[in-house]
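This report refers to the structure that appears directly beneath it.
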Amino acid sequence: MRNEVFSRSPRNPIITRDLVPFSAAAVYNPGVAEHDGDVVLLLRIEDRRGFSQLHVARSKNGVTDWEINPEPFLGYGVPEYHYEELGCEDARITYVEEDKCYYVCYVAYSPLGPAVGLAKTKDFSEATRIGLIFSPNNKDAAMFSEKIDGRYHILHRPAAGALEHIWTASSSDLRDWGMPHVVVAERGGPWWDGVKVGAGPPPLKTDHGWLLAYHGVKYYGSQMIYRMGLAELDLEKPHKALRRVPQWIFEPEAHYEVTGVMPNVVFPTGWLLRGDDLWMYYGAADTCVCLATAKLKDLIDIIQREP
């Protein structure tokens, strides 16, 4: 299978560091939401020190004419948040209708390692930090868009030695998270996702289950390659994986994906359902922001073919 299911935007990369209104090393791995008629991205912008912050970018059409706020939405160096002193990275945005707000999961980076922070916002004008919810080493957290049995649910990727699987957890208050379950494991051996896996955009609810895009990594010699795969989780028991596509469905092919700061990386972190089309925003080569689209029906058909 090649990548026919996704079509890259002809405007790719849609955001590069040349569009950032200050000196930057790279811009990548955006969270995405829709608010007040705009497509909103939370960009990871790496400065020339090597530290990252999250900045709001807005566009009417989701492709061009981005307005990037030079002030960080979530930034490092805030004294009372010392677990973020080296950066805020890789946001995933989830809107929870019951709470009428957006939740932002992000990597809080400090000398102690990468941990998971959680914040909330009504309109992306400012962020209210809820706090650190998973200790190091942990990344790739994404919340589900509704409560299940009265509890919030989240995906995250703790590192246990050389093992990096996708886990679920749940909470009644957004602060204390428990009831852990492995939901998607790295497969080891020669598999395309054998070295590590991590959640991509927040899971999308469909009639069949929660649709999960995830990244998988394989080593070729000393070079890692990041690709994207699909899984489906049970609607009522999201810790239960129903199906998993054995092959990747999106891989680095374009020049801006195979060359850059980190070559051979596609890293999906946000998607929007717009009519029948799924707009997927992703980081390419840890260098720039890109967009690819697919028909939701095509993705559902792919995963429903699996036993």
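Filter segment 248-299 for residues that are part of a helix (DSSP H, G or I) and within 20 Å of the chain's Cα centre (by Cα) and give the result.
Result: TYR256, GLU257, VAL258, LEU296, LEU299.
Every residue, every condition in (1) aliphatic (A, V, I, L, M); (2) without any contact (Cβ under 8 Å) to a residue 40 or more places away in the chain; (3) surrounded by fewer than 23 Cβ atoms within 10 Å (Cβ to Cβ); (4) touching a strand residue (DSSP E or B) at 6+ places or on another chain (Cβ under 6 Å), yes or no:
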residue	(1), (2), (3), (4)
PHE250	no, no, no, yes
GLU253	no, no, yes, no
THR259	no, yes, yes, no
ASN264	no, no, yes, yes
LEU273	yes, no, yes, no
TYR281	no, no, no, yes
VAL289	yes, no, no, yes
LYS297	no, yes, yes, no
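Return yes or no: is ARG92 of a type in the set (D, E, K, R) and under 17 Å from LYS139 (Cα atoms)? Yes. Every test in (1) within 18 Å of ALA26 (Cα to Cα); (2) in contact with a Leu (Cβ under 8 Å, 6 or more places away or on another chain); (3) of a type in the set (Asp, Glu) is passed by GLU257 save one, and that test is (2).
Looking across segment 134-151, the residues that are touching a Ser or Thr at 6+ places or on another chain (Cβ under 8 Å), assigned to a strand (DSSP E or B) and surrounded by fewer than 22 Cβ atoms within 10 Å (Cβ to Cβ) come down to ILE148, ARG151.
Being on the phi > 0 side of the Ramachandran plot and not hydroxyl-bearing (Ser, Thr, Tyr) is a description that applies to GLY275.
Give LYS147, LYS120, LYS100 a once-over and let me know the one that is closer than 23 Å to VAL27 by Cα, at pLDDT 95 or above and of a type in the set (Lys, Arg).
LYS120
Under the condition of being under 24 Å from PHE144 (Cα atoms), in contact with an Asp or Glu (Cβ under 8 Å, 6 or more places away or on another chain) and of a type in the set (A, V, I, L, M, F, W, C), the residues counted in segment 207-237 number 5. Could you grab me the full set of residues in segment 134-170 that are among the aliphatic types (A, V, I, L, M) and over 15 Å from the mean Cα position of the chain (by Cα)? Correct list: ILE148, ALA159, ALA160, ALA162, LEU163, ALA169. Inspection of segment 174-186 identifies no residue that is assigned to a strand (DSSP E or B) and within 18 Å of VAL104 (Cβ to Cβ).
Of all residues being touching a residue at least 40 places away in the same chain (Cβ under 8 Å) and among the acidic types (Asp, Glu) in segment 204-239, which is surrounded by the most Cβ atoms within 10 Å (Cβ to Cβ)? Just the residue, please. Going through the qualifying residues, I end up with GLU232. Here ARG305 passes the criteria (1) exposed (fewer than 14 other Cβ atoms within 10 Å of the Cβ); (2) basic (Lys, Arg); (3) under 30 Å from SER23 (Cα atoms) except the one numbered (3). Would it be correct to say that ARG48 is modelled with pLDDT of 95 or more, buried (at least 16 other Cβ atoms within 10 Å of the Cβ) and not small (Gly, Ala, Ser)? For ARG48, the condition - modelled with pLDDT of 95 or more, buried (at least 16 other Cβ atoms within 10 Å of the Cβ) and not small (Gly, Ala, Ser) - is not met.
Scanning segment 190-225 for residues that are at pLDDT below 95 and not in a strand (DSSP E or B) gives GLY221, SER222.
Conditions (1) free of Cβ contacts under 8 Å to residues at least 40 places away in the same chain; (2) of a type in the set (D, E, K, R); (3) surrounded by fewer than 19 Cβ atoms within 10 Å (Cβ to Cβ), marked per residue:
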{"residue": "GLY62", "(1), (2), (3)": "no, no, no"}
{"residue": "PRO70", "(1), (2), (3)": "no, no, yes"}
{"residue": "GLY77", "(1), (2), (3)": "yes, no, yes"}
{"residue": "GLU89", "(1), (2), (3)": "no, yes, no"}
{"residue": "THR94", "(1), (2), (3)": "no, no, no"}
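Among the candidates GLY283, GLY260, GLY270, the residue that is farther than 18 Å from PRO202 by Cα and not acidic (Asp, Glu) is uniquely GLY260. For segment 174-186, the condition holds for at least one residue, the condition being that it is more than 17 Å from VAL96 (Cβ to Cβ), surrounded by 18 or more Cβ atoms within 10 Å (Cβ to Cβ) and not β-branched (Val, Ile, Thr).
The values are calculated or read from the model by the stated rules, or taken from the named source; none is laboratory data. What you see is a predicted model; the values in this text were computed from it and never measured. Here Cβ is always computed from backbone atoms with ideal geometry, including for glycine, and neighbour counts include all displayed protein chains.
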